[in-house]
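Student: Below: one structure in structure tokens.
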Amino acid sequence: MFKSEYLKRVYAGVESRNPNEKEFLQAVKEVLESLEPVVEANPKLEANGILERIVEPERQIFFRVSWVDDNGKVQVNRGFRVQFNSAIGPYKGGIRLHPSVNASVIKFLGFEQIFKNSLTGLPIGGGKGGSDFDPKGKSDGEIMRFCQSFMTELSKHIGADTDVPAGDIGTGAREIGFMYGQYKRLRNEFTGVLTGKGLTYGGSLARTEATGYGVCYYTEEMLKCMKNDSFKGKTVVISGSGNVAIYATQKATELGGKVVALSDSNGYIYDPNGVNLDVVKQIKEVERGRIKEYVERVQGAEYHEGCSGIWTIKCDIALPCATQNEIDENSAKTLVKNGVIAVAEGANMPSTPEAIEAFQSAGVLFGPAKAANAGGVATSALEMSQNSMRYSWTFEEVDAKLKDIMVNIFHNSYNAAKKYGMEGNLLAGANIAGFEKVADAMLAQGIAY
Ligand code: NDP
């Protein structure tokens, strides 16, 4: 636990104010633990109440989303937008549509987003939103009516210079399109208020690929600098089979790795010959089907029920790209026993604190989510720049900027950890590097900003 009295006090305050929000408390604790040496070296942080302020969202909006299903029945969901910190730019963060969404989940994601966005080096603050709506099994009409109702309320709180939401679990190009159309109707303005838009109405090339590609660029740099190694010839296991997992699979394969497993919330596939991504894309992106259909189309592949079994597959590199807390201590220890050399988080907070400890104490390279998956939001910020300029960069231009950003994130995190005597601890380094810029901006802007 904490050595500093200041940190103890701040964390106790967060616990008493947010009881039962376990994901939020987990995320806050992890960041505060990393900040121990920073707090000790900078008394100004306590004098200005920086930590008390950074753990409390600037604004939280919870709202009713009513819509009518295909049978004419009224449905009610809960909508969320947490505008966590705007010290360095407009709030920025995705919209998650999943039945597990609640205040704790949105707040943990929003809190993480502050530091991730800062790490990108771009001027974006931290926010997150979503709803407990389940898009699975819904018709296009139902999705559209939900998205329109959701945006009818959300539109009152966002704007191209205020708060710019994007996609996340359950929110892809289709949902962003419906939400954007509704915003435009209500406000009569064509601005870059959402990112992840389609290419015909202001989207950026390479945004779809950005998070997955970014995870691999970061991992490649981590392997190069810390182990003089690369993806070449490595066996890779990737969880999930959504946006992040698909494009991580593509880039890992291009870089010379062999991806042998993917999953969804029901189970996982194992293909010893290397996953055929065209088949996966057809099932997931075109047909919106389940990953188990893969084994009906590809000889030699196996399907297993349950998600956690994927971590029993022997691999060199593991990229969790599904959801929070998907790797627990047992799974982490199994990966270590099977010889994993690097883990980089494509999903947000996919490893439990005990799993991270198991990786780090075994000397496994560990790339935390805030750093490793920041390529998505970084490219969203590039989409915002293109919208402001009313101009589009080519795929190659955006991809090159993304790669630079991911390489810089690795080095900034590495150097920040080294500066505070924790060389090689990329988790602490990412938390510190992300925090320092935001804290500096908060100090400069005074207390009642
Ligand atoms: P998608 O909705 O495209 O895919 C999510 C994948 O994860 C699906 O395969 C889904 O399976 C699986 N999944 C979701 N919930 C669970 C669960 N409770 N247990 C097991 N598997 C689950 O989302 P993304 O690929 O966009 O997001 C994946 C992760 O990456 C999330 O943590 C997200 O926050 C993070 N992320 C995404 C970014 C982006 O740009 N999209 C940016 C940065 C981070 P099923 O179909 O069965 O639900």
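Student: One-quarter of the Cα convex hull surface for the chain, in nm²?
Tutor: Its Cα hull, projected and averaged over all orientations, spans 20.6 nm².
Student: Net charge near LEU262, counting Lys/Arg +1 and Asp/Glu -1 over other residues with Cβ under 10 Å of its Cβ?
Tutor: Overall, the nearby charge balance is -1.
Student: Right, something else. As an exercise, identify the trypsin sites (Lys or Arg not before Pro) in the stretch 362-430 lying in DSSP coil whose Cβ has no more than 12 other Cβ atoms within 10 Å.
Tutor: ARG390
Student: If packing is taken as the mean number of other Cβ atoms within 10 Å per residue, what is the order of 349-358, 79-88, 106-115, 298-307, highest first?
Tutor: So the peptides 349-358, 79-88, 106-115, 298-307, ranked by packing, come out 106-115, 79-88, 349-358, 298-307.
Student: Check cross-link reach from LYS227 to the lysines: straight Cα distance under 24 Å, and skip same-chain residues fewer than eight apart.
Tutor: Filter leaves LYS251, LYS258, LYS314, LYS333, LYS337, LYS370, LYS403, LYS418, LYS419.
Student: While we're looking at this one, here's another question. Can you run phi through the Karplus equation (6.51, -1.76, 1.60; θ = phi - 60°) for the stretch 148-155 and list ³J(HN,Hα) in whole Hz, with x for Gly and Pro?
Tutor: Computed from phi, the couplings for the stretch 148-155 are 5, 5, 4, 6, 4, 7, 4, 4 Hz.
Student: Further question on the same structure: Within the set LYS156/LYS292; LYS116/LYS224; LYS234/LYS401; LYS29/LYS284; LYS3/LYS437, which residue pairs have Cα atoms separated by over 31 Å?
Tutor: LYS156/LYS292; LYS29/LYS284
Student: Can you tell me what share of the DSSP beta bridges in the stretch 210-367 is antiparallel? A percent to the nearest 5 is fine.
Tutor: Close to 35 percent.
Student: Let me know the Rg and Dmax you get for the stretch 210-367 when you use only its Cα atoms, in Å.
Tutor: 14.2, 42
Student: Here is a further query. What is the stretch 59-189's relative contact order, in percent, from Cα pairs under 8 angstrom and six or more apart in sequence?
Tutor: Dividing the mean separation by the residue count of the stretch 59-189 yields 29 percent.
Student: Within the stretch 372-441, which GluC sites (Glu not before Pro) sit in a loop by DSSP and count at most 15 neighbouring Cβ atoms inside 10 Å?
Tutor: GLU423
Student: Share of antiparallel DSSP beta bridges in the chain, in percent to the nearest 5?
Tutor: Percentage antiparallel, nearest 5: 55.
Student: For MET1, tell me the accessible area in Å² from a 1.4 Å probe, rounded to the nearest 10.
Tutor: MET1 exposes around 150 Å² with every protein chain in place.
Student: Would you mind counting up the charge near VAL74? Only other residues with Cβ under 13 Å from its Cβ, with Lys and Arg at +1 and Asp and Glu at -1.
Tutor: Neighbour charge sum, excluding VAL74 itself: 0.
Student: With +1 on each Lys and Arg Cβ and -1 on each Asp and Glu Cβ, how big is the dipole of the stretch 59-189 about its Cα centre, in debye rounded to the nearest 20?
Tutor: Using only the charged Cβ atoms, the result is roughly 200 debye.
Student: Let me ask something else about it. Looking only at the stretch 59-189, where both bridge partners belong to it, what percent of the DSSP beta bridges are antiparallel (to the nearest 5)?
Tutor: Just about 65 percent of them are antiparallel.
Student: To continue, here is another question. For the chain, calculate the relative contact order in percent as a whole number, restricting contacts to Cα pairs under 8 Å that are 6 or more residues apart.
Tutor: After rounding, I find 15 percent.
Student: Largest first, what is the accessible-area ranking of ARG187, ARG53, ARG9, ARG17 with a 1.4 Å probe?
Tutor: I get ARG17, ARG9, ARG187, ARG53, largest accessible area first.
Student: Sticking with this one: Is the shape of the stretch 333-449 rounded, prolate or oblate, going by the alpha carbon gyration tensor and its root eigenvalues a ≥ b ≥ c, with a/c under 1.5 for rounded and a/b larger than b/c for prolate?
Tutor: oblate
Student: Mind giving me the nanometre distance, one decimal, between the label points for ILE447 and LYS314, set 7 Å out from Cα along Cα→Cβ?
Tutor: 6.1
The values are calculated or read from the model by the stated rules, or taken from the named source; none is laboratory data. These numbers were taken from a predicted model, which means no experiment stands behind them. Please note: Cβ atoms are built from the backbone with ideal geometry, for glycine as well, and neighbour counts cover all protein chains shown. Keep in mind that these areas ignore ligands, DNA and RNA; they rest on the heavy atoms of the full protein, side chains included. Shrake-Rupley method; radii C 1.70, N 1.55, O 1.52, S 1.80 Å.
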